[in-house]
Each structure stands twice: as C-alpha cells, then as structure tokens.
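The structure appears below as structure tokens.
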Amino acid sequence: MGGSDAADRPDRFGFDENRSAISDFLARFVPQPAARRALTVSVETDRATYAVGDDITFRISFRNRLPLPVVVETPDRRLWGWTVDGELEASDEPRFSDPTRETPGTFAFRGGERKVVSRTWHGRVRRVGNDGPTRWVDLEPGRHELGVFLAYEGGARATTSFEVRE
C-alpha cells in the first residue's frame with residue numbers, strides 16, 4: 001500500500017511520540033512556565049569506569065511531574081542535548097545560528113509520563129583545527145562529566161560523572 005504513516009517513520013529523538021487529540025487539547029490549558037517546570041531529566045552511564053577508547057552508553061530519562069498532559073515549546077527544533085565536560089555533543093566546534101533550526105519544537109508528555117532515551121557515544125571528542133584538520137581524540141584519563149539538558153531557557157539539567165583509565 002502506498003503513502004506514509006507517522007507510525008512507520010522512525011522517531012528522530014529516540015522515543016515514541018504517541019500523542020492523542022485529547023492530550024493535545026488538555027495540554028493547551030497548562031501555561032508554558034508551569035509545563036516547563038514540570039519536566040525533569042536524569043542521566044546515568046552503564047558503568048562508572050571506562051578504558052580509553054571504550055564506548056560509553058548512557059540513559060536519559062525525561063519525566064512530566066504533573067498528572068496532566070503538557071506540551072513544552074522549544075525555541076528551535078532541538079528538544080534536548082548532551083555535553084561532555086561542557087562541550088556540546090563532545091565537540092569544540094563553534095556553534096552558529098542556523099536559520100533552518102529556528103523552527104520551534106514541541107515536547108509532548110502525557111500526565112506523569114516518563115520517556116527514556118539510550119545513546120552510545122564512542123568516547124572521543126571532536127577537535128576542530130584552525131589551521132589543521134578536524135580530528136577525533138580519545139578522552140584523557142581522569143574524571144569526566146556527562147550532562148543533559150532540556151533545550152529552553154531554564155530547562156532542567158542533570159549530570160553524572162565517570163572515570164576514564166588507561
């Protein structure tokens with residue numbers, strides 16, 4: 001059969017976006033400041049210690065603390081993000097304004113809903129060279145911080161730390 005159904009498309013954010021018309025309708029009655037404060041985020045890695053070059057698997061949980069559905073708007077398409085030692089998606093690449101990203105995003109939750117995303121990161125940091133080539137380097141041995149955030153001003157943040165050993 002031809003055509004495309006939303007249920008057949010993979011979710012680019014890593015979780016199922018099952019939304020109902022009733023939930024969407026009720027979510028409109030929750031003001032954005034309250035909806036934004038209702039969302040929490042947590043992060044955990046699969047281990048506390050890794051060898052240099054190991055893949056690092058982490059799990060992020062987003063939760064709506066309200067018993068009501070909420071839809072949170074973000075200034076652009078990014079709903080959430082992650083950092084390693086403060087570098088967005090483990091890269092020192094300078095970020096610039098991308099007009100294609102200025103389309104607002106929405107993050108919808110049913111009352112009390114929890115959404116979980118798992119990611120595996122290769123354990124290397126992208127270094128953009130000014131005069132030389134861009135390269136990926138292994139994390140130095142030591143303690144590192146993995147952070148996650150909701151992508152709007154005042155959005156919830158969470159961090160966890162892990163150690164890299166030789």
- prompt: Per-residue accessible area for Ser161 at 1.4 Å probe radius, Å² rounded to 10?
  reply: 50 Å²
message: Rounded to two decimal places and with Rh computed the Kirkwood way over Cα pairs, what is Rg over Rh for segment 33-114?
response: 1.04
Between segment 40-68 and segment 105-166, the Cα center-to-center distance that results, in Å: 9 Å
query: Sorted by average packing, counted as other Cβ atoms within 10 angstrom per residue and highest first, what order do 124-131, 79-86, 63-70 take?
result: 63-70, 79-86, 124-131
- request: Would you tally the net charge around Gly53, using a Cβ to Cβ cut-off of less than 13 Å, leaving Gly53 out, and scoring K and R as +1, D and E as -1?
  value: -3
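The values are calculated or read from the model by the stated rules, or taken from the named source; none is laboratory data. Everything numeric in this text was worked out from a predicted model, so none of it was measured. FYI the Cβ positions are ideal-geometry reconstructions off the backbone, even for glycines, and counts take in every protein chain you see. We work out accessible area using only protein heavy atoms, side chains counted, and drop any ligands, DNA or RNA first. Shrake-Rupley method; radii C 1.70, N 1.55, O 1.52, S 1.80 Å.
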